[in-house]
1. Calculated FRET efficiency, A:T125 and B:E401, Cβ-Cβ r, R0 35 Å, to nearest 0.05?
2. What average count of beta carbons from other chains do you get within 10 Å of the Cβ of residues in A:184-191?
3. Applying a 10 Å radius around every beta-carbon, put B:36-43, B:340-347 in order of their mean neighbour count, most first.
4. If all Cα-Cα distances of segment B:317-444 are sorted into 5 Å bins from 0 onward, what percent lands in each bin, rounded to whole numbers?
5. Just from its helices, what would the mean residue ellipticity at 222 nm be for chain B, if runs of 4 or more DSSP H residues each count -39500 (n - 2.57) and the sum is divided by every residue, rounded to the nearest 500 deg cm²/dmol?
6. Hey, any idea what % of chain A's accessible area is carbon plus sulfur with a 1.4 Å probe?
7. Inside 10 Å of the C-beta atoms of B:407-420, what's the mean count of C-beta atoms belonging to other chains?
8. Can you give the FRET efficiency to the nearest 0.05 for A:A40 and B:R103, using r as the Cβ-Cβ distance and R₀ = 41 Å?
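The values are calculated or read from the model by the stated rules, or taken from the named source; none is laboratory data. Every value quoted in this text rests on a predicted model; they were computed, and no experiment measured them. All Cβ positions, even for glycine, are placed from backbone atoms using ideal geometry, and neighbour counts span all protein chains on display. For the accessible areas, the whole protein counts, side chains as well, though only heavy atoms, and no ligand, DNA or RNA atoms are used. Shrake-Rupley method; radii C 1.70, N 1.55, O 1.52, S 1.80 Å.
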Amino acid sequence: MELRICHLYPQLLNLNGDYGNVAILCDRAKRRGIDVKVTALAYGQRFIAKDYDFVFLGNGQPDELSAVLAELTAYDFEELKKYVDENGVLLAVGGGYELLGEEIRFPDGTQKDGLGLLPVRFEKTEKRFIGNAVIRDGDHVYIGFENHDGRAEIGALPPLGEVLLGFGNDEGGYEGCRYNGVIGTYLHGPLLAKAPELADELLIASLSKRYGSVTLSQLDNTFEQRAREQLLQRFFPTE
Amino acid sequence: MAVIRKILSVWIGRLLVWLTGILGGGTNLPGEISLRLCPQILRYLAANYRVVAVTGTNGKTTTAAMIQQILKHNGHTAINNSSGANLKAGLVTCFLQNYRYSRKHAFAVLEVDEAYLPRVSADLNPVIIAVTNIFRDQLDRFGAVERTRDLIFQAFSNAPESKLVLNGDLPMLNQSFENETVYYGFDDAGSCDSTGTEGRFCPECGNTLTYNSVVYGNLGDYCCEQCSLKRPVLQYRVEKLTQLRADASDAVINGQAVTVSQAGLYNLYNGLCAFACAAELGVPSDVIAESLSVQESRFGRQEIIGIGDKQVRVILVKNPAGCSEAIKTVVLEQDTSSLAVLLNDRLGDGTDVSWIYDADFEALSKMNPDKVLVGGTRLYDMAIRLQTAGLNTEKFVLCEEYKDVLDAILNKTAFPKVYLLATYSAMVEFRRFLYKKGYLKKMW
């Protein structure tokens, strides 16, 4: 089996170690004997939906995010929309998450259109939400770090998880969102580092689209489990 | 009244230096109290010195130590804030500790934190302000490289008489300043390193830069095809990179053969910056070269600590660029050795550890370590990172406490050399632990 990953514009959007999400997926796939091909889409290269099983869109500085938004809007919108509509698996973090939304509103009253691929609206604030973050997604707990000045209004969409520590989308108790095959989140860390179950969920979803039903062998997640135990003990000390 | 406050401030400050010295030192309390008594005390204390201020993301401590040693080698008196106390109170403390030199028209070679330089540059009135580099550092602290750059430029305009010694290979320092400016850099790096996560954009027009050669990260001989910005003329240059070894580098700088006794390209940059500053202060090239070849490392910067029959080389890592370079240096080691990585997430280290995914730990696959010790407050995050980078997890020894790290070094490694990469607080804390156990003669 082969996993084809597209990392959108890593030269421009590479803040906060988000590239690690791609590295972790590659590593977990390779350890199961799955071949991995990562395409680092460069500025000027075009995105073709059928060529990829997993797409990653990371965080960047405001200027770089604007450049990427302009590029994607002008040239790759159709293919990206096709990818999202057909339930392609996509992880978008931070600024990348904001790009996919319908609009971003700024404190001075101005607004900017996003790609409109996620029915989410964003509002930039004067406040910065920084700190360790913990969310619960069903039986699993994900630990990351957030650093954003935007709030996400996800409306009726399911969140990625319930906030146990941190600010989440809008201090309303939930973080991130899921829409078709897309996960949007403000969690850095990178997110998948201490979320092996989520990483495997994404791997299965990506491969299943191409190969039909897929099962993956169990990997040794000792480090990830110990990391979670240790950090949860630190963030929520028991008496 | 102002004179009395000044005298009181110095007197009490010196008393506190003496008292805290008895208790082990390593505190900026004397400086803090002095400043409270007399807010202008830094200007007063600095006035008797020729100040060389060194700032930048990486390399401040090493470069400042090199400059101090060169000046002393040339027969001058030179003081230095050697314990890495680079904020305002630390600078004042340094002057108080060295008060006996204040009438000798000595040099004060000071490393100054990038964010604080604009607040102190006018008071320090340096003869030289040197900038080593500007890289992405703790994201949760600064937010953007541009902000650091702006703070440093503000410091320049606050001290327009100061001469600037700047890294010419760093695109964002290519500006014209009111200050007299001198640039240093590499003539020809030999390689074209296309990896690294530092932005390579033209500071004038935003276009992606083209490089004739790259030393590392975004440092090199750059030019912009869109607006024809190019690297400035270099007054001080590495003309030839003779050899990079695991424990030193040989090069030719402005016609002078130089050996920098601390390994890594990044230390060669530090040596080059020190060379440029010293030369601008009138030190002859051969004296500079002699000093650089015997430079000992400072507190936690490639320091060698003997533990039992092991030689532990402590290398401070703070951010992706510095960490990647440290790793490249470690893999030059020919002898089989062990690797230890201590990752903390206290305020001084950066509370967001995701930066470790921007550092090239994958390069460690070129090394075949005997054991990989993993410790620090975020040891499991580091273990996951190293696992993802392809290291053999069977060699990992997870050490939740410093005593476990010590035990592993003494009893679990089979070879004498251990390379220990540590973030700032992990380095300080582990050293403090070793000092208490008697493995270190002095703490600072």
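1. Efficiency, from the Cβ-Cβ distance: 0.30.
2. Neighbouring Cβ atoms belonging to other protein chains average 3 per residue here.
3. Those peptides, ordered most packed to least, come out B:340-347, B:36-43.
4. Over segment B:317-444, the share of Cα pairs per 5 Å bin runs 2, 11, 22, 25, 22, 13, 5, 0 percent.
5. Calculated mean residue ellipticity at 222 nm is -10500 deg cm²/dmol.
6. 49 percent
7. 0
8. 0.10
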